[in-house]
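J.: Submitted below is the structure of interest, expressed as structure tokens.
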Amino acid sequence: MSEKSLNFIEHIIEEDLANGLEKDKLRFRFPPEPNGYLHIGHTKAIGISFGLGLKYKAPVNLRFDDTNPAKEEQEYVDAIKRDIKWLGYQWANELYSSDYFQQLYDWAILLIKEGKAYVDSQSSEAMAEQKGTPTQPGVDGPYRNRSVEENLDLFNRMKHGEFEEGSHVLRAKIDMQHPNMLMRDPLMYRILKKAHHRTGTDWCIYPMYDWTHGESDYIEQISHSLCSLEFKPHRELYDWFKEQVYKYQPEALPMLPKQREFARLNLSYTIMSKRKLLKLVEEGIVSGWDDPRMPTISGLRRRGYTPNAIRKFVETVGVAKRDNVIDVALLEFCIREDLNKTAPRVMAVLDPVKVVITNYPEDKVEWLEAENNPEDEQAGSREVPFSRELYIEKADFKEAAGNKFFRLKLGGEVRLKNAYIIQANHVVKDANGEITEIHCTYSEDTSKKVKGTLHWVSIKHALKAEVREYDRLFMDEAPDSHQDKDFMDFLNPNSLKVVEAFVEPSLQDAKIGDRFQFQRLGYFNVDTDATSEKIIFNKTVGLRDTWAKQTPKLKQPTPQNAPKPQQQRKAISVIQQLGKKYTNYPEDKQAKVKAEILELAKQVTYDELEPLFGTAVKKVGTRIAAVLILKVMLDTGLERNEAINEFIEKAKTDTNQLLVDEASNL
RNA sequence: UGGCCUAUGGUGUAACUGGCAACACGUCUGAUUUUGGUUCAGAAGAGUCUAGGUUCGAGCCCUAGUAGGCCAACCA
């Protein structure tokens, strides 16, 4: 059994188990708000909680956090359930926070009676002002000390709809001076005269997140409530509410859930905010939540991603507490890895040029055997038609090219996949000089060694198909991380390219969702828009292409190389970095680095330098760097002092010759 | 002018206090190949944010910094 190393959450659980928590008390939950579609970021949270459920054979509840009737809709509930199921996870119970409205209300009454909650009747502006700021404490509001009787009366009338929205709220009475702003008398209830997707018009007060979420965990006796990092400050409040409520029924509900937070998933070149994704949908930038360019589960599904690949992906990214940006290349690796093993191979030409095989009889057709998947012996084979006139990719032919070009060129030979070897003899061009036909001759000897193999389709047998090729939606690595620019500024105008392609006839019967590898091109699946008349493919992902990397791309000035989302580093820290490895470099590189350090040194102040004098003896490189900086400073008029002299003397007696040399130079 | 969290190759995650640090992606070689795919073999790349300290020994413990993130919705 291969012991995979545990992530920090698993460590916590193991520790709890070791401290006496019974294994069958473990219980998790995934708590989406039904106000949008699930995206790849949620998959991490899903993978964590459901994964833990699988690992410990513990139940995982699907609980919709539906406390805001203004935003939540049944459509989203359905979509979320569909997506989780599609990913292959099973929840123990389908639950709703709204199921607990009555219980929550009853507990709120008890809290009021204890003097732990009160009705505030100010405007939200007034309350916000009293709340202070992160750096300034808040002050008590005028209604903070209402009597229990008055609070009870008011809260009761709130519930019965006697007041307008915004006129009163129920707040927990904690501490307006608390350093954690969430503890400054947080709201528990607001008046909302809106119909709820489940409770209809039963309620006109609705509980807030903090009050609802923790208590829902508690009611369900969740052992570990896992959420993303931004809820860390909420934990204190989560615990406060939990402790208040616990004393009302410690025997019936003994488990106090534990909230722990992990860093959410970020993917390079994409956005993950539901609000922003909604904007793309609403503004028609994409065709809907399931547009294949969207990072939603439904978008990825339509694009051709498999549940397997997505699960593997979230497993691979790991779980920790630091902010991260995952390279989309990892996601692409996961889907290629899966599809390589499972997708049947077919031939399709996306950008055709005609090939005429002049020594092949006009009417002859041969059906040649083609392997369905070299990675899967069970996959069997099919037959593809070969005839005199074929299409190959334009990019697979050049009139003249060097010998690193393995494809077809005039006078050169190339193998046609599953068929013969052909030689290009001459080309026919139109008035614009565009090649319209490539005339070739074929040879039936297929045993010959030739470097290149091309895919092709027989023109008269080929099916026309629409192919939708996608590129990233955004051209920036982190489109929503720029304070001065809107994420919409980075939209890629060429994220969708529709081409008319020619595919082999076996694809006639392909059904919606079917996945294929178009040989040498990539993985494609049949889009939901396909009809019996018109077949439509989505490009899921291209094959790895080491050839494309070598050919200098004449594309747009690669935005990838543009300034990283890092801020300018201080010269001193750059020098330290350079210095560290100084002694490891060969001489020429050493000279280069030295020049760089001397240049940077001009921006360093003496105050920044002095701490480096104490650098540990073994860090020779850093000390050399310090000597170099010092040299620049002395040259520009710095007066020697005791610290400097001491440092120089110490350097001169070092065992490292480089250091001694530099120090002696001073 | 406060509280909380985080810091390990380009990226993401590991490392029971004990060997100048492991795995995956990415990058680069080479071999194989009727997919410039796959597979296989290999390489480069990290003094673990900085400076002190404790220790025979520190990525891990202590102190002080630095940098980044989160917190002021009747949202979740």
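The values are calculated or read from the model by the stated rules, or taken from the named source; none is laboratory data. Predicted model, so just to flag it, every value in this text is computed and none were measured. Virtual Cβ from ideal backbone geometry, glycine too; neighbours counted across all protein chains shown. SASA here: full protein model, heavy atoms, side chains in, ligands and nucleic acids out. Shrake-Rupley method; radii C 1.70, N 1.55, O 1.52, S 1.80 Å.
J.: When all protein chains stay in place, what accessible area (Å², nearest 10, 1.4 Å probe) is found for A:Thr201?
T.: Solvent-accessible area, nearest 10 Å²: 120 Å².
J.: Only Lys, Arg, Asp and Glu count, each charged at its Cβ (+1, +1, -1, -1), so figure out the dipole size of region A:101-207 about its Cα centre, rounded to 20 debye.
T.: On the way: 14 positive and 15 negative charges, 56 e Å.
Using only the charged Cβ atoms, the result is roughly 260 debye.
J.: Divide by every residue of chain A the summed helix terms, -39500 (n - 2.57) for each DSSP H run of at least 4, and state the resulting mean residue ellipticity at 222 nm, rounded to the nearest 500 deg cm²/dmol. Could the numbers behind the result be given before it?
T.: Numbers: 19 runs with 209 residues, N = 666.
That comes out to -9500 deg cm²/dmol.
J.: Once you've got the Cα coordinates, tell me which of A:Lys55/A:Lys312; A:Lys404/A:Lys539; A:Lys113/A:Lys258; A:Lys451/A:Lys511; A:Lys464/A:Lys511; A:Lys394/A:Lys539 are over 25 Å apart. Before the final figure, lay out the partial values.
T.: Numbers: A:Lys55/A:Lys312 15 Å; A:Lys404/A:Lys539 28 Å; A:Lys113/A:Lys258 27 Å; A:Lys451/A:Lys511 35 Å; A:Lys464/A:Lys511 15 Å; A:Lys394/A:Lys539 19 Å.
Where the Cα-Cα span goes over 25 Å, the pairs concerned are A:Lys404/A:Lys539; A:Lys113/A:Lys258; A:Lys451/A:Lys511.
J.: Follow-up question, since we're still on this one. In square angstrom, what is the accessible area per residue of chain A with a 1.4 angstrom probe?
T.: Numbers: 33160 Å² over 666 residues.
Here the residues of chain A average 50 Å² of exposed surface.
J.: Next question. In debye to the nearest 20, how big a dipole does chain A give about its Cα centre with +1 on each Lys and Arg Cβ and -1 on each Asp and Glu Cβ?
T.: Working: 95 positive and 104 negative charges, 297 e Å.
Using Cβ point charges on Lys, Arg, Asp and Glu, chain A gives about 1420 debye.
J.: Mind checking the log10 I(q)/I(0) for region A:178-264 at q = 0.11, 0.12, 0.22 Å⁻¹? Debye, one equal scatterer per Cα, no solvent, two decimals.
T.: Treating every Cα as an identical point scatterer, log10 I(q)/I(0) equals -0.36, -0.43, -1.11.
J.: Could you sort A:Ser5, A:Ser298 by their accessible area in this structure, using a 1.4 Å probe and putting the largest first? Walk me through the numbers on the way to the answer.
T.: Numbers: A:Ser5 100, A:Ser298 5 Å².
The most accessible residue leads, giving A:Ser5, A:Ser298.
J.: What shape does chain A have by the C-alpha gyration tensor, where a ≥ b ≥ c are the square roots of the eigenvalues, rounded means a/c under 1.5, and otherwise prolate means a/b greater than b/c and oblate the rest?
T.: On the way: a/c = 2.46, a/b = 1.28, b/c = 1.93.
Verdict is oblate for chain A.
J.: Could you give me D for region A:341-498, from Stokes-Einstein at 25 °C and 0.890 mPa s, where the hydrodynamic radius is the Kirkwood radius over C-alpha pairs? Units µm² s⁻¹, please.
T.: It comes out at roughly 134 µm²/s.
J.: OK, next. So for chain A, taking the charge dipole from beta-carbon charges (+1 Lys/Arg, -1 Asp/Glu), which of A:Met255, A:Gly200, A:Tyr606 sits furthest toward the positive end?
T.: A:Tyr606
J.: Between region A:466-511 and region A:351-365, how far is it from one alpha carbon centroid to the other, in angstrom?
T.: Comparing the Cα centres of region A:466-511 and region A:351-365, I get a distance of 34 Å.
J.: Less than 13 Å from a label point 7 Å out along the Cα-to-Cβ axis of A:Lys429: which backbone N atoms in region A:381-421 qualify, by residue?
T.: The answer is A:399-400, whose backbone nitrogens lie closer than 13 Å to the label point.
J.: May I pose another question? Excluding A:Asp153 itself, what net charge comes from residues whose Cβ is under 12 Å from its Cβ, given Lys and Arg +1 and Asp and Glu -1? Mind showing how you got there, number by number?
T.: Working: positive: A:Arg146, A:Arg157, A:Lys159; negative: A:Glu149, A:Glu150, A:Glu162.
So the environment of A:Asp153 carries a net charge of 0.
J.: Moving to a separate point now. On alpha carbon coordinates alone, what is the Rg over Rh value for region A:217-360, Rh being the Kirkwood radius?
T.: Working: Rg = 23.4 Å, Rh = 19.6 Å.
Ratio of gyration radius to Kirkwood radius for region A:217-360: 1.20.
J.: For region A:28-45 and region A:78-140, what is the separation of their Cα centres, given in Å?
T.: 18 Å
J.: Another question, if that's okay. Which net charge results for the neighbourhood of A:Phe262, defined as the other residues with beta-carbon distances under 9 angstrom from its beta-carbon, given Lys and Arg at +1 and Asp and Glu at -1? Can you show the working numbers first?
T.: On the way: positive: A:Lys44, A:Arg260, A:Arg264, A:Lys321; negative: A:Glu261.
Here the charged neighbours net out to +3.
J.: Going toward the positive end of the dipole of chain A, with +1 on Lys and Arg Cβ and -1 on Asp and Glu Cβ, which of A:Gln378, A:Ser664, A:Leu187 do you reach last?
T.: Comparing the listed Cα positions along the dipole, A:Ser664 ranks first.
J.: If you filter region A:1-58 for trypsin sites (Lys or Arg not before Pro), then keep DSSP loop positions with at most 13 other Cβ within 10 Å, what is left?
T.: Working: sites: A:Lys4, A:Lys23, A:Lys25, A:Arg27, A:Arg29, A:Lys44, A:Lys55, A:Lys57; in loops: A:Lys4, A:Arg27, A:Lys57.
Those that pass, being in a loop and sparsely packed, are A:Lys4, A:Lys57.
J.: Let me ask something else about it. Quick one: in region A:496-547, what % of C-alpha pairs are over 15 Å apart? All intermediate terms of the calculation are to be shown ahead of the outcome.
T.: On the way: 609 of 1326 pairs.
More than 15 Å apart: 46 percent of the Cα pairs in region A:496-547.
J.: Heavy atoms only, probe 1.4 Å: what % of the accessible area of region A:101-207 goes to carbon and sulfur, would you let me know? Don't skip to the end; give the middle numbers.
T.: On the way: 2520 of 5040 Å².
The value for region A:101-207 is 50 percent carbon and sulfur by accessible area.
J.: Give a quick list of trypsin sites (Lys or Arg not before Pro) in region A:117-156 that DSSP marks as loop, anything other than H, G, I, E or B, with at most 14 other Cβ atoms within 10 Å. All intermediate terms of the calculation are to be shown ahead of the outcome.
T.: Values: sites: A:Lys131, A:Arg144, A:Arg146; in loops: A:Arg144, A:Arg146.
Taking region A:117-156 and a limit of 14 other Cβ atoms within 10 Å, the loop trypsin sites (Lys or Arg not before Pro) found are A:Arg144.
J.: In chain A, if the dipole is taken from +1 on Lys/Arg beta carbons and -1 on Asp/Glu beta carbons about the Cα centre, which of A:Ala343, A:Val139, A:Gly513 is farthest to the positive end?
T.: So the residue we want is A:Ala343.
J.: Of A:Val355, A:Val428, A:Val139, which has the most accessible area and how do the rest follow, probe 1.4 Å? Before the final figure, lay out the partial values.
T.: Working: A:Val355 0, A:Val428 50, A:Val139 85 Å².
Order by accessible area, largest first: A:Val139, A:Val428, A:Val355.
J.: Write out the trypsin sites (Lys or Arg not before Pro) in region A:423-522 meeting two conditions: DSSP loop, and at most 12 other Cβ atoms within 10 Å of their Cβ.
T.: Values: sites: A:Lys429, A:Lys448, A:Lys449, A:Lys451, A:Lys460, A:Lys464, A:Arg468, A:Arg472, A:Lys485, A:Lys497, A:Lys511, A:Arg515, A:Arg520; in loops: A:Lys448, A:Lys449, A:Lys451, A:Lys460, A:Arg472, A:Lys485, A:Lys511, A:Arg520.
Answer in residue order: A:Lys448, A:Lys449, A:Lys460, A:Lys485, A:Lys511.
J.: Sticking with this structure for a sec: Keeping all protein chains in the complex and leaving out DNA, RNA and ligands, what accessible area do you get for A:His11 with a 1.4 Å probe, in Å² to the nearest 10?
T.: The accessible area comes out at roughly 100 Å².
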